[in-house]
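These notes are about the structure you will find just below.
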Amino acid sequence: MEVIRVEGGHPVTGTVTVEGAKNSALKLMAATILAPGVTTLTNVPNIADVHVMGKVLKELGAIVEVVDEHTLSIDTSTVDSWETPYSLVTRMRASTAVLGPLLARFGKAIVAMPGGCNIGARSIDMHILGLEALGVEFDVDHGDIYATAPNGLHGATVNLEFASVGATENLVMASVHAKGVTIIDNAAREPEIQDLANMLNEMGADIRGAGTPVIEIHGVGELHPVTHAVTGDRIEAGTFAAIGALVGQPVTIKGFEPDHLGLVLRKFEQMGITVRRGQRCVTVSRDQPLRAVDIQTLPFPGFPTDMQAQTMCLLAVAEGTSIVTENVFENRFMFASELQRMGSDIAIQGHHAVVRGVRSLSGAEVRSPDLRGGAALVMAGLIADGTTTVLDIYHIDRGYERFVEKLRSLGAHVTRVEVPDIEVLDDEL
Ligand code: EPZ
């Protein structure tokens, strides 16, 4: 099995360019179902989740061609199935993003009910409630969701109980051909939603208000394929910004919109971090001890839950005590439990974490709980005394392209190492 080994205490400085956003690319790929023909996506991250979504599209009959490492050509004129297999949905919850496009194109879809994952139940009740308002009927049988729109889809007003990213995206995609106007109230406002709406409008859709709490979709006829560049990954950028803030020397991150990290960068400044914003780039440095701040995760433009672990790593070695409140997922503090093995002082109380800053961390063998927690454990290893070994790094590969190579280009002493499973077992015994 592969692990990531980090040797702490070495300078980390320089420039890194982030890839296209994982949480946009996956939905843009699903949206190609709406435009029969060849859509070309550029600035696509070369990550495991994109490969899985490619498999989902192929299962549906699409032809997916890797033009180069970051360009996909997807021909969906050959899509002739509307059923996604459990094996793929269970590997990646985002596969449910094909539900809306399949309903819009075929008036039916069979999608495996996504199981829970490490960070929470991840149900899709809001997707289902919203789609029912558009005329979709649902049956759940043997773990599969059978969705049909016997009379086609019609516009409606949907009030989302929570600004769910996935529900907003499925409703936008499902309603592009719906008869009349669909209004999504309390819609998610993430930049990835705007990227999706931009591409759909380039395809001929009529979507207004993406990025605001009220999105209006006017039903139109057939959409046509386009070429579209995926927006920069604000979470990958935020991860490297946190790394620069942690180690202290200047780190410049290119390839994304700093406005997409607004509150994160402002919180970093409150922590004593120097942030210089440029055109599609940011330079982060620090010449004073980190200060404690309170964080609460919320839908965009609130503090992103996907930056919670990376920020908690900073707070773990800040001066003072911080309260981190996780409002988006019900179980996203596993990273904190692993960080305890490295000497942090964090008490979990429900959806609050009380983080008492410590002077230093010590290297240890730790296990990635999820994609962002895994990246944050590697990050902690950069400043820990001694060596940190991070296991279950497949989580990291789901959403970070060449994470180790990028860290090494900044001077970090980080390597991917193949270790025999038994060695890990010994440690566990
Ligand atoms: C997207 O997940 C992202 N994933 C997540 O990123 C991100 O953390 C999340 O949005 C919030 O920003 C992708 O885009 C592939 P939600 P999604 O629907 O769409 C509950 C990462 O690390 N909920 O906004 O699943 C849900 O369980 C990943 O890149 C319902 O209860 O997020 C969660 O607790 C992790 N019922 C909360 O709402 C529903 O019908 C937010 O979910 C839908 C959601």
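The values are calculated or read from the model by the stated rules, or taken from the named source; none is laboratory data. All figures in this text were calculated on a predicted structure; none of them were measured in a lab. Heads up, the Cβs are rebuilt from the backbone with ideal geometry, glycines too, and the neighbour counts pull from every protein chain shown. All accessible areas refer to the heavy atoms of the entire protein, side chains included, with ligands and DNA or RNA removed. Shrake-Rupley method; radii C 1.70, N 1.55, O 1.52, S 1.80 Å.
Determine the share of the chain's accessible area contributed by carbon and sulfur atoms, expressed in whole percent, with a 1.4 angstrom probe.
49
With charges set only on the Cβ (+1 for Lys and Arg, -1 for Asp and Glu), what does the dipole of the chain come to about its Cα centre, in debye to the nearest 20?
Dipole of the chain, to the nearest 20 debye: 1160 debye.
7 Å from Cα along Cα→Cβ at both Val358 and Thr42: what's the point-to-point distance in nm?
4.8
Specify which residue in the list Gly272, Asn186, Val251 is farthest towards the positive end of the charge dipole of segment 171-276, using unit charges on the beta carbon of Lys, Arg (+1) and Asp, Glu (-1), about the Cα centre.
Sorting the options by dipole projection puts first Gly272.
Output ³J(HN,Hα) for segment 105-110: one whole-Hz value per residue in order, computed from phi by the Karplus curve 6.51 cos²θ - 1.76 cosθ + 1.60 with θ = phi - 60°, and x for Gly and Pro.
Residue by residue, segment 105-110 yields 8, 10, x, 7, 6, 10 Hz.
Taking the alpha-carbon distance from Lys27 and a cut-off under 24 Å, which lysines remain once sequence neighbours fewer than 8 residues away in the same chain are dropped?
The reachable lysines, counting only those whose Cα sits under 24 Å from Lys27, are Lys55, Lys58, Lys108, Lys179, Lys254.
Less than 15 Å Cβ to Cβ from Asp385, Lys/Arg counted +1 and Asp/Glu -1: what total charge do the surrounding residues give?
+1
Please give the charge dipole size of segment 1-131, origin at the Cα centre, charges +1 on K and R Cβ atoms and -1 on D and E Cβ atoms. Round to the nearest 20 debye.
Roughly 400 debye, rounded to the nearest 20.
Residues of the chain: accessible area per residue at 1.4 Å, in Å²?
That works out to 38 Å² for each residue.
Rounded to the nearest 5, what % of the DSSP beta bridges within the chain are antiparallel ones?
Roughly 70 percent of the beta bridges in the chain run antiparallel, per DSSP.
Mind ranking 81-90, 375-384 by how tightly packed they are, going by the mean number of other C-beta atoms within 10 angstrom, highest first?
375-384, 81-90
Report the full-extension gain for the segment Asn159 to Thr227: residue separation times 0.36 nm, less the Cα-Cα distance, to one decimal in nm.
Working it through step by step, the gained length comes to 21.3 nm.
Under a crude label model (7 Å from the Cα following the beta-carbon direction), how far is His10 from Leu298 in nanometres?
Label at His10, label at Leu298, 4.1 nm between them.
How many angstrom lie between the C-alpha centres of segment 306-322 and segment 160-213?
Their Cα centres are 33 Å away from one another.
Residue farthest toward the positive end of the dipole of the chain, with Cβ of Lys/Arg at +1 and Asp/Glu at -1: which of Gly143, Ala30, Leu263?
With unit charges placed on the Cβ atoms, the residue in question is Leu263.
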